[in-house]
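The structure appears right after this line, and notes come after that.
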Amino acid sequence: MKHLPEVAVFVRVAECGSFSAAAELLQLSRPAVSQAVSRLEQHLGARLLHRSTRKLSLTEAGAQMLDAARAGIEMIAAAELQISASQARPSGRLRITAPVAFGVLHVAPLLAEFGRRYPDIDIALRMNDSIVDMVAQGFDVAIRVSDPADSSLVSRRLAPVRHFAYAAPQYLARHGVPATPQELASHRCLVHSKSRPAREWRFVAADGTASTVVVPKCVQADNSLALREAVAAGAGISVGPDYLLADDIRSGRLVRLFPGLRLHEFAVYAQYPARKHVASSVKVFIDFVAREFRDARRWQGVE
């Protein structure tokens, strides 16, 4: 493979019929062209050209090499055209990873419209609440609800996410509504096992004043959808993101607690490996979800 430049020079010499004409076409010196062909002959262990003062002609080995080289050049040219066409019209497989709850509620519903706009892109969506190694596992795009930690990835902020405490009306009717976070100590609380630390909930007031409470743990789960459904059934109090809870709070199925206080705030990010050339399928998908999340405001305005 390291002799491909010499092969390209040899093809031009064979087509032009002289070192001088090939050198002019390639914008190289005549000695450089002659030396390139000589290196290729040395590498192959065969003479490719009959040299004379009047003209050049191909040896049998040279004719074989020229046919093979032209076939290779044609294949490369076809590949270039195919790649250029795919960049102009995005196509191919797009591998996406996303957290389970966010993927189910906010990524999956967008795939129908995205598919209508870009029918040549095949989506492979994998949902996982663990942070995966994108490069090692072959993902093109990651949708993540956390602050970017991997500096080797390009990150694009898509939308803000706020967390707050919530419960079901029937639970509050039986056990009372806590007036302050400190009163959570006497309530049943549900925690996400992948939050760190899971039982420490830090509340921040509008003026920036913060207080941290350690809640009693009665239920632990590794999925926020499962926690939401347990809370909705009256299992206790939990904390979760607005993108998961907004519709239920608006409908009255769930109740937000401590309206003047917020827990940690994150954002939704699209991430992809840093490369010189980014596939057009990656570009159009990230632009698409960025527009959808910016315009729809699906989970904003919950107070």
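Considering (1) without any contact (Cβ under 8 Å) to a residue 12 or more places away in the chain; (2) under 25 Å from Asp287 (Cβ atoms), say which one Thr209 fails and leave the rest.
Against the list (1) without any contact (Cβ under 8 Å) to a residue 12 or more places away in the chain; (2) under 25 Å from Asp287 (Cβ atoms), Thr209 comes up short only on (2).
Given the criteria at pLDDT 85 or above and more than 30 Å from Ala226 (Cβ to Cβ), does Glu60 qualify?
Working: at pLDDT 85 or above: yes; more than 30 Å from Ala226 (Cβ to Cβ): yes.
So Glu60 passes the test.
Going through Ala23, Ala46 one at a time, which residue ends up being aliphatic (A, V, I, L, M), over 21 Å from Ala68 (Cβ atoms) and either in the same structural domain as Met75 (by TED's automatic domain parsing) or touching an Asp or Glu at 6+ places or on another chain (Cβ under 7 Å) (or both)? Outline the logic, then answer.
Details: Ala46 fails: over 21 Å from Ala68 (Cβ atoms).
Sole residue among the options that is aliphatic (A, V, I, L, M), over 21 Å from Ala68 (Cβ atoms) and either in the same structural domain as Met75 (by TED's automatic domain parsing) or touching an Asp or Glu at 6+ places or on another chain (Cβ under 7 Å) (or both): Ala23.
Evaluate the following for Ala88: is it modelled with pLDDT under 80 and farther than 17 Å from Ile143 by Cβ? Spell out the reasoning first.
Working: modelled with pLDDT under 80: yes; farther than 17 Å from Ile143 by Cβ: yes.
When the stated conditions are applied, Ala88 passes them.
Only residues that are touching a residue at least 40 places away in the same chain (Cβ under 8 Å), among the hydroxyl-bearing types (Ser, Thr, Tyr) and not assigned by TED's automatic domain parsing to the domain that holds Val255: list them for segment 131-175, please. First the steps, then the outcome.
Quick first cut of segment 131-175, residues touching a residue at least 40 places away in the same chain (Cβ under 8 Å) only: 134-135, 137-148, 150, 152-172, 174.
With among the hydroxyl-bearing types (Ser, Thr, Tyr) added as a condition, the list becomes 146, 152, 155, 166, 171.
Listed by number, the residues that qualify are Ser146, Ser152, Ser155.
Here's a check for you: in segment 232-254, which residue that is of a type in the set (A, V, I, L, M, F, W, C) and over 11 Å from Val191 (Cβ atoms) is surrounded by the fewest Cβ atoms within 10 Å (Cβ to Cβ)? Lay out the reasoning, then the answer.
Looking only at segment 232-254, we keep the residues that are of a type in the set (A, V, I, L, M, F, W, C), and these are 232-233, 235, 237, 239, 244-246, 249, 254.
If we keep only those that are over 11 Å from Val191 (Cβ atoms) as well, we get 232-233, 235, 244-246, 249, 254.
Numbers: Ala232: 18, Ala233: 11, Ala235: 18, Leu244: 23, Leu245: 26, Ala246: 19, Ile249: 17, Leu254: 23.
Ranking the candidates gives Ala233 first.
Could we say that Ala112 is surrounded by 14 or more Cβ atoms within 10 Å (Cβ to Cβ), outside any loop (DSSP other than H, G, I, E, B) and among the aliphatic types (A, V, I, L, M) here? Explain how you work it out, then say what you get.
Details: surrounded by 14 or more Cβ atoms within 10 Å (Cβ to Cβ): no; outside any loop (DSSP other than H, G, I, E, B): yes; among the aliphatic types (A, V, I, L, M): yes.
Here the answer is no, as Ala112 does not meet what is asked.
Restricting attention to segment 214-224, does a residue exist that is surrounded by 14 or more Cβ atoms within 10 Å (Cβ to Cβ), touching a helix residue (DSSP H, G or I) at 6+ places or on another chain (Cβ under 8 Å), of a type in the set (S, T, N, Q) and touching a residue at least 24 places away in the same chain (Cβ under 8 Å)?
Yes, segment 214-224 contains at least one residue that is surrounded by 14 or more Cβ atoms within 10 Å (Cβ to Cβ), touching a helix residue (DSSP H, G or I) at 6+ places or on another chain (Cβ under 8 Å), of a type in the set (S, T, N, Q) and touching a residue at least 24 places away in the same chain (Cβ under 8 Å).
Tell me yes or no: at least one residue of segment 179-192 is assigned by TED's automatic domain parsing to the domain that holds Ser280, in a helix (DSSP H, G or I) and modelled with pLDDT of 90 or more.
Step one: list which residues in segment 179-192 are assigned by TED's automatic domain parsing to the domain that holds Ser280, which gives none.
Looking through segment 179-192, none of the residues is assigned by TED's automatic domain parsing to the domain that holds Ser280, in a helix (DSSP H, G or I) and modelled with pLDDT of 90 or more.
The values are calculated or read from the model by the stated rules, or taken from the named source; none is laboratory data. Please read all numbers here as calculations on a predicted model, not as lab measurements. As a convention, Cβ positions derive from the backbone with ideal geometry for all residues, glycine included, and neighbour counts pool all protein chains shown.
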